Amino acid sequence: MTDWPRPPILYIAHRLPYPPDKGDRIRSYHTVRCLARRAAVHLACLADEPASEEDVAALRGLCADVAVVPVGRAGRWARGLGSLARGGTVSEGAFSSPALRATLREWARRTPFRAALVSASSLVAYLRLPELRDVPGVVDLVDVDSQKWLDYAEAGGGPKAWLYRTEGRRLRRVEAGLPTWARSVTLVSEAETALYRRFAAAGQVAAVTNGVDLDTFRPDRAAERDDPPSCVFVGALDYRPNVDAACWFCDEVWPALRERHPRATFRLVGRRPAPAVRALAARRGVELVGQVPDVRPHVASATAVVSPLRIARGLQNKVLEALAMGKAVVASPQSLAGFSLRPGRELLSASAPAEWVETLSRLFGDAALRHRLGDAGRSYAEENHDWERCLQPFFTLLGLDEPATCARGVP
């Protein structure tokens with residue numbers, strides 16, 4: 001830690017940011033880790049699943065104070081629907097907690113916070129508490145969530161489409177007004193920032209992209225197995241865009257690819273597989289690995305990593321981690337929206353099923369191409385996605401410009 005007094009910063013997260021094993025936790029954890037080198041971080045977060053003592057202890061080792069407020073899943077949905085009935089959004093209701101409000105009020109009465117950061121639009125009401133209204137607030141939207149719900153509505157039908165469209169429209173009103181009172185609104189990419197600026201009020205808006213742990217996600221070429229060839233998809237397997245991607249790939253791409261490569265294997269790695277994903281394990285050559293303590297061995301051993309997302313927002317950590325590991329990646333255009341990658345140089349891109357089949361077949365048979373793409377992908381990650389450099393805008397927006405080092409290898 002530094003020798004100079006560290007100013008107090010309040011960070012409110014919608015989910016326990018540990019372990020960093022999924023998108024929102026990865027960003028939140030590294031935000032805490034890097035802020036803690038410059039500030040006394042007071043972390044308050046909700047937890048929709050049991051938080052182990054070890055996980056909380058890992059955060060206490062970084063923060064000046066940690067409050068973990070449990071929220072039951074049934075209660076969350078009841079509050080969400082109640083909010084919807086009152087003209088609000090499901091998101092606002094789902095993340096509303098009297099216990100969290102009480103904690104924040106107590107902290108604010110005894111701690112003169114320099115600034116406050118929240119991890120999602122669903123938490124902005126906490127910044128409007130009387131005790132926090134004079135604290136400069138930064139809202140880290142990450143993605144334009146309203147667009148996600150509107151995309152869901154377009155992709156579906158029936159009552160769910162109505163619910164998604166209503167949530168998207170109401171959430172857009174919340175998002176649009178944030179710059180009128182928040183110090184800044186931040187998003188994970190220039191693409192998300194540009195989309196947000198199209199409908200938001202005038203104010204400070206900044207892109208704060210994600211990094212990747214370059215020491216943890218390193219190339220391990222010796223682990224690759226290309227006979228028989230295999231491809232892997234990594235992600236939370238109960239998350240709608242990932243479920244859609246896995247099912248689409250197995251329906252539209254995998255049968256033709258398997259005809260060309262009868263011994264090929266497609267592995268699905270991730271937590272909480274939805275029923276539709278579990279059913280894919282009955283397909284020839286499809287292996288449902290499910291939740292694992294460490295995704296790296298499964299990524300390292302694959303011939304190629306795939307990201308066939310058709311619905312995507314922000315920046316895909318699964319793609320970034322594969323690039324950092326020096327893997328050959330094939331991704332849909334939607335998976336690449338948050339990057340400045342050049343298909344054909346750092347990775348390959350495919351859209352139509354036939355294009356996916358041809359691209360993966362080419363990779364399966366060309367180790368030199370895989371290694372060339374992998375080397376370029378690793379270089380891209382090193383040059384563009386070091387966490388300290390990526391999070392620099394937060395330091396400025398929160399008034400933490402005192403030099404410090406967010407060293408690799410810090411727990």
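The values are calculated or read from the model by the stated rules, or taken from the named source; none is laboratory data. It should be emphasised that the depicted structure is a prediction, and the values quoted were computed from it without experimental measurement. Cβ coordinates were reconstructed from backbone atoms using ideal geometry, including for glycine residues, and neighbour counts include every protein chain displayed. When the accessible area is computed, the model is the full protein with side chains, heavy atoms only, and any ligands, DNA or RNA have been set aside. Shrake-Rupley method; radii C 1.70, N 1.55, O 1.52, S 1.80 Å.
Given a cut-off of 12 Å, what percent of all Cα-Cα pairs of the range 300-358 lie beyond it? Before the final figure, lay out the partial values.
On the way: 1087 of 1711 pairs.
Of all Cα-Cα pairs in the range 300-358, 64 percent lie more than 12 Å apart.
Sorted by average packing, counted as other Cβ atoms within 10 angstrom per residue and highest first, what order do 261-270, 154-163, 9-18 take? All intermediate terms of the calculation are to be shown ahead of the outcome.
Details: 261-270: 19.0, 154-163: 12.2, 9-18: 24.7.
Averaged packing, sorted descending, gives the order 9-18, 261-270, 154-163.
Which Cα, out of GLY399, ALA47, VAL232, lies furthest along the positive dipole direction of the chain (beta carbon charges, K/R +1, D/E -1)?
ALA47
Taking the solvent-accessible surface of protein heavy atoms with a 1.4 Å probe, what is the per residue accessible area of the chain in Å²?
Details: 17040 Å² over 411 residues.
It amounts to 41 Å² per residue over the chain.
Please name whichever of LEU123, LEU10, ALA57 sits farthest to the positive end of the charge dipole of the chain, dipole taken about the Cα centre and charges placed at Cβ: Lys and Arg +1, Asp and Glu -1.
Towards the positive end, the residue furthest out is LEU123.
Using the crude model of +1 on Lys and Arg Cβ and -1 on Asp and Glu Cβ, and no other charge, please compute the dipole size for the range 1-120 relative to its Cα centre, in debye to 20.
Working: 18 positive and 11 negative charges, 87 e Å.
I would put it at about 420 debye.
Between GLU106 and SER340, what is the spin-label point distance in nm, taking each point 7 Å from the Cα along the Cα→C-beta axis?
4.6 nm
Taking 20 °C and 1.002 mPa s as the conditions, I'd like the Stokes-Einstein D for the range 109-256 in µm²/s, using the Kirkwood hydrodynamic radius from alpha carbon pairs. Walk me through the numbers before you get to the answer.
Details: Rh = 18.6 Å.
So the translational diffusion coefficient is about 115 µm²/s.
Quote the relative contact order of the range 1-156 in percent (integer), defining contacts as alpha-carbon pairs under 8 Å separated by 6+ residues. Can you show the working numbers first?
Numbers: 241 pairs, mean separation 34.8, N = 156.
In percent, rounded to a whole number, it is 22.
With θ set to phi - 60°, apply the Karplus curve 6.51 cos²θ - 1.76 cosθ + 1.60 along the range 252-265 and write out the HN-Hα couplings as whole Hz, x wherever there is a Gly or Pro.
The phi angles translate into 9, 10, 4, x, 5, 5, 5, 4, 6, 10, x, 9, 5, 10 Hz.
Modelled label-to-label distance, ARG73 and ARG278, 7 Å Cα→beta-carbon offset: nm?
1.2 nm
Looking at the P(r) of the chain, how many percent of alpha-carbon pairs lie beyond 37 Å? Don't skip to the answer; put the middle values down first.
Values: 19750 of 84255 pairs.
So the portion of pairs separated by more than 37 Å is 23 percent.
Tell me, Kirkwood radius of the range 53-109 from alpha-carbon pair distances, in Å? Mind showing how you got there, number by number?
On the way: mean 1/r = 0.0773 Å⁻¹.
About 12.9 Å for the range 53-109.
At a 1.4 Å probe, what is the % contribution of carbon and sulfur to the accessible area of the range 353-394?
Details: 850 of 1740 Å².
That fraction is 49 percent.
From the phi of every residue in the range 88-96, what ³J(HN,Hα) in whole Hz does the Karplus formula 6.51 cos²θ - 1.76 cosθ + 1.60 yield, where θ is phi - 60° and glycine or proline is x?
x, 10, 4, 4, 4, x, 5, 9, 8
Let's see if you can work this out: charge +1 on each Lys and Arg Cβ, -1 on each Asp and Glu Cβ, no other charges. What is the dipole magnitude of the range 207-362 about its Cα centre, in debye to the nearest 20?
Working: 21 positive and 17 negative charges, 35 e Å.
The dipole magnitude comes to about 160 debye.
Take the chain, connect every pair of alpha-carbon atoms lying under 10 Å apart with a spring to form a Gaussian network, then pick out the residue of THR193, THR303, THR216 with the largest mean-square fluctuation.
THR216
With runs of 4+ DSSP H residues as the only contributors, calculate the mean residue ellipticity of the chain at 222 nm using -39,500 (n - 2.57) per run, divided by the residue total and rounded to the nearest 500. Please report the intermediate quantities before stating the final value.
Numbers: 18 runs with 171 residues, N = 411.
So the helix-based figure for the chain works out to -12000 deg cm²/dmol.
Report the Stokes-Einstein translational diffusion coefficient (µm² s⁻¹, integer) for the range 1-106, Rh taken as the Kirkwood radius over Cα pairs, at 4 °C with viscosity 1.567 mPa s. Walk me through the numbers on the way to the answer.
Details: Rh = 14.7 Å.
Translational D for this selection: 88 µm²/s.
For q values of 0.11, 0.22 Å⁻¹, compute log₁₀ I(q)/I(0) with the Debye formula on a Cα-only model of the range 234-350, without solvent.
Normalising to I(0) and taking log10 leaves -0.33, -1.44.
Taking the Cα centre of the chain as the origin and placing charges on Cβ (Lys, Arg +1; Asp, Glu -1), which of ALA354, VAL185, LEU214 is farthest toward the positive end of the dipole?
Final value for the positive-end residue is VAL185.
Suppose a student asked you for the relative contact order of the chain, using Cα pairs under 8 Å spaced at least 6 residues apart; what percent would you report? Working shown, then result.
On the way: 784 pairs, mean separation 60.9, N = 411.
Worked out over the chain, it gives 15 percent.
With N set to the number of residues, divide the alpha-carbon radius of gyration of the range 284-405 by 2.2 N^0.38 Å and report two decimals.
My calculation over the Cα atoms of the range 284-405 gives 1.20.
Would you list, by chain and number, the lysines whose Cα falls below 18 Å from the Cα of LYS318, excluding same-chain residues fewer than 8 positions away?
LYS22, LYS327
How would CYS247, CYS45 rank on accessible area, largest to smallest, probe 1.4 Å?
CYS247, CYS45
Under unit Cβ charges (Lys, Arg +1; Asp, Glu -1), what dipole magnitude, rounded to 20 debye, does the chain have relative to its Cα centre?
With only Lys, Arg, Asp and Glu charged at Cβ, the dipole is about 940 debye.
Over the range 40-193, one equal point on each Cα, no solvent: what is log10 I(q)/I(0) by the Debye formula at q = 0.08, 0.13, 0.14, 0.16 Å⁻¹?
So the normalised log intensities are -0.25, -0.68, -0.78, -1.01.
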